[in-house]
Amino acid sequence: MKTILLCALGARWSHSSLALPCLIKAAAGLPVRAAEYNINDSPDEVIERVVSAEPEAVGFSCYIWNIGFVLTVASAVKKLRPGCTILLGGPEVSFDAPELMKRHRFIDIIVRGPGEAPFRRFAEAFCNGEPFDDTPSACIRTPDGGIKETPDAAPMPMEQLPFVYDDLSGYADRIIYYETSRGCPFRCAYCLSARTVTDFLPEERAVQELEYFMRHDVRQVKLVDRTFNYPDDRARRIFAALIALKQKYPQSHTNFHFEISASLLSDETLAVLADAPPGLIQFEVGIQSTHGETLRAVGRGHSTQAVLEKTARLCRMKNLHVHVDLIAGLPMETPESFAQSFNDAYRLGADRLQLGFLKVLKGSPLREDAERYGIVYSDDAPYEVLQTSTMPYAALRRLHRIAALLDMLYNDRAAVKTLELLTLRTAPYDVFDGFAGFLVQRG
């Protein structure tokens, strides 16, 4: 039988791939192997390892942080092994697959969207030496060099997907990525989940699998659910189960990281979280902006005041570790309104305040509306905003310097006490803006 090598190129070694074990499980019983590298590796070394494995097909999982590296490696592999089939999948290639295949003739097939069902069909055909031109949800290069698009496959219901971490031998001291849901109930214009349908693992199964990680004392489980606490009552029961499991496994050091929406937090859920042991639960809360016009422009219609109040309650629970996110460069945001968003978020007292910059992602509604808002962004991944009709380029560059200072002085805890004193009488944004201006003057 022909063999397939699946390759993941992570952002760093500690970040494991979720896609690889999912696809390996989907192709159970077939000669499919996995190899993990990261974008800090030498491209030449990765190429050498892939070529020396002598696979008949190589698949790559593609994201905004690795697409350049993937194309470099895949192109070289095709030149060194012309008969090798090159397969790409992942969000970075799902929305413009035909155009990518026209630009890069070494690509033989691109799978769009969720990969389990399409990859199973491809692997069954390919490994048995049969044509794979009926692979669903795919763009396939035909023998005459053309491109064939096949209809989308219905996504496999999550309850039918197998657990993929029955072997943890390769995950020591690494972050494990896990999902209990796919899709999102919200329609944030900058997000790829804005047009998805939400599907869930059965709650009992999710708890059993989370217990498995705790029992094996893995370092951290990072849940990739776009909004874990939707619905609120389901999340509350899972949080309560984790707290009870910590009593069952008191020696476990496993930390669980959840992305949540503060707007959905109920008083009942906050009461449950108040009983969580320190170190068990970590939250990432996407504030993004507190500017009303901006929130409406990107489809976030919740009450800013309620979000801030509930996030502040989380931050006051010193048993929880809380990250708060802001996004600079969103539509309608001005330098002045972003300064207010920064002040609002900073005053919450989160353990980390993460200042990111808008990525105008392929497939996101905001990419279609970019011209409407005067959004100018880089041509290459990660498609970061350069300026908007309300946020000049120079202002965004200044915010980049503030973000670097925020990481150094606040997030890395280098000057927390000093910042407490400085922000007693001066707005937090003005403190960091002053530092940034001083550093520019000093060169």
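The values are calculated or read from the model by the stated rules, or taken from the named source; none is laboratory data. Since the model is a prediction, treat every value here as computed from it, not as a measurement. All Cβ positions, even for glycine, are placed from backbone atoms using ideal geometry, and neighbour counts span all protein chains on display.
Summary of computed values
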{"read-out": "Sole exception among (1) touching a helix residue (DSSP H, G or I) at 6+ places or on another chain (Cβ under 8 Å); (2) closer than 27 Å to I107 by Cα for P162, by number", "value": "(2)"}
{"read-out": "Filtered residues of the range 35-52 (kept if surrounded by 15 or more Cβ atoms within 10 Å (Cβ to Cβ) and either outside the structural domain of F95 (by TED's automatic domain parsing) or small (G, A, S) (or both))", "value": "A35"}
{"read-out": "Positions within the range 109-131 being within 12 Å of A57 (Cβ to Cβ), touching a residue at least 12 places away in the same chain (Cβ under 8 Å) and surrounded by fewer than 21 Cβ atoms within 10 Å (Cβ to Cβ), in sequence order", "value": "C127, G129"}
{"read-out": "Residue in the range 304-319 that is at pLDDT 95 or above, assigned to a strand (DSSP E or B) and of a type in the set (D, E, K, R) present", "value": "no"}
{"read-out": "Residue count, the range 379-406 (criterion: part of a helix (DSSP H, G or I) and either under 17 Å from Q288 (Cα atoms) or aliphatic (A, V, I, L, M) (or both))", "value": "10"}
{"read-out": "Any hit, the range 271-292, residues being of a type in the set (S, T, Y), outside any loop (DSSP other than H, G, I, E, B) and either touching a Pro at 6+ places or on another chain (Cβ under 6 Å) or touching a residue at least 24 places away in the same chain (Cβ under 8 Å) (or both)", "value": "no"}
{"read-out": "Selection from the range 366-378 of residues that are in contact with a Phe, Trp or Tyr (Cβ under 9 Å, 6 or more places away or on another chain) and not in a loop (DSSP other than H, G, I, E, B)", "value": "L366, R367, V376, Y377"}
{"read-out": "Set L326, L264: member being at pLDDT 95 or above and surrounded by fewer than 20 Cβ atoms within 10 Å (Cβ to Cβ)", "value": "L264"}
{"read-out": "Residue tally, condition in a loop (DSSP other than H, G, I, E, B) and either under 20 Å from K246 (Cβ atoms) or free of Cβ contacts under 8 Å to residues at least 40 places away in the same chain (or both), over the range 198-236", "value": "8"}
{"read-out": "Breaking point among (1) more than 30 Å from Y377 (Cβ to Cβ); (2) at pLDDT 95 or above; (3) within 22 Å of the chain's Cα centre (by Cα); (4) surrounded by fewer than 16 Cβ atoms within 10 Å (Cβ to Cβ), for Q251", "value": "(3)"}
{"read-out": "Selected residue [in contact (Cβ under 8 Å) with a residue 24 or more places away in the chain, surrounded by fewer than 20 Cβ atoms within 10 Å (Cβ to Cβ) and not in a strand (DSSP E or B)] from F163, F239", "value": "F163"}
{"read-out": "Enumerated helices (runs of 4 or more DSSP H) restricted to the range 5-86, each holding at least 1 residues that are farther than 25 Å from E116 by Cβ and under 20 Å from the mean Cα position of the chain (by Cα)", "value": "67-80"}
{"read-out": "Any pair with Cβ under 9 angstrom, 6 or more apart, that starts in the range 383-394 at a residue that is surrounded by fewer than 18 Cβ atoms within 10 Å (Cβ to Cβ) and ends at one that is assigned to a strand (DSSP E or B) and at pLDDT below 95", "value": "none"}
{"read-out": "Counted residues, the range 320-371 - those being over 19 Å from the mean Cα position of the chain (by Cα), over 30 Å from L273 (Cα atoms) and free of Cβ contacts under 8 Å to residues at least 40 places away in the same chain", "value": "4"}
